[in-house]
Amino acid sequence: MVLASYNIKGGVGKTSAAVNLAYLAARDGATTLLWDLDPQGASTYLLRVRPKVKGGGRRLVRGKTDATARIKGTDYEGLDLLPAD
């Protein structure tokens, strides 16, 4: 299943919804990957993950880098993150 949370207006709860849905899916046994495409990187911050490569998200979207190399584990079993830049 793929879920996307999108709205051009800020402050409407996109990040909160995405992080909580990802956590709940992982808690219930689903192997879950959250991809933080927000330039502010709030999901990355909330899950206490630091990206290793700045600009890596842009390269990933363009197909110029391998996604598996950028996936980071979180403090929650079954929940991994593709961090924001």
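Scanning the range 18-44 for residues that are part of a helix (DSSP H, G or I) and in contact with a helix residue (DSSP H, G or I) (Cβ under 9 Å, 6 or more places away or on another chain) yields ALA18, VAL19, ALA22, ALA42, SER43.
Put simply, of LEU33, LEU60, LEU37 the only residue that is of a type outside the set (Lys, Arg) and under 19 Å from GLU77 (Cβ atoms) is LEU33. Note on the range 1-54: residues that are under 20 Å from ASP66 (Cβ atoms) and free of Cβ contacts under 8 Å to residues at least 40 places away in the same chain total 7.
Would you say THR15 is surrounded by 10 or more Cβ atoms within 10 Å (Cβ to Cβ) and not in a loop (DSSP other than H, G, I, E, B)? Yes. Among the residues of the range 18-32, just one is surrounded by fewer than 12 Cβ atoms within 10 Å (Cβ to Cβ) and under 15 Å from the mean Cα position of the chain (by Cα), namely THR31. For the range 39-85, the tally of residues that are at pLDDT 90 or above and either crowded, with 18+ Cβ neighbours inside 10 Å or under 18 Å from ALA25 (Cβ atoms) (or both) stands at 19.
The values are calculated or read from the model by the stated rules, or taken from the named source; none is laboratory data. All values reported here derive from a predicted model rather than from experimental measurement. Don't worry about glycine lacking a Cβ; one is built from the backbone with ideal geometry, like all the others, and counts go over all protein chains shown.
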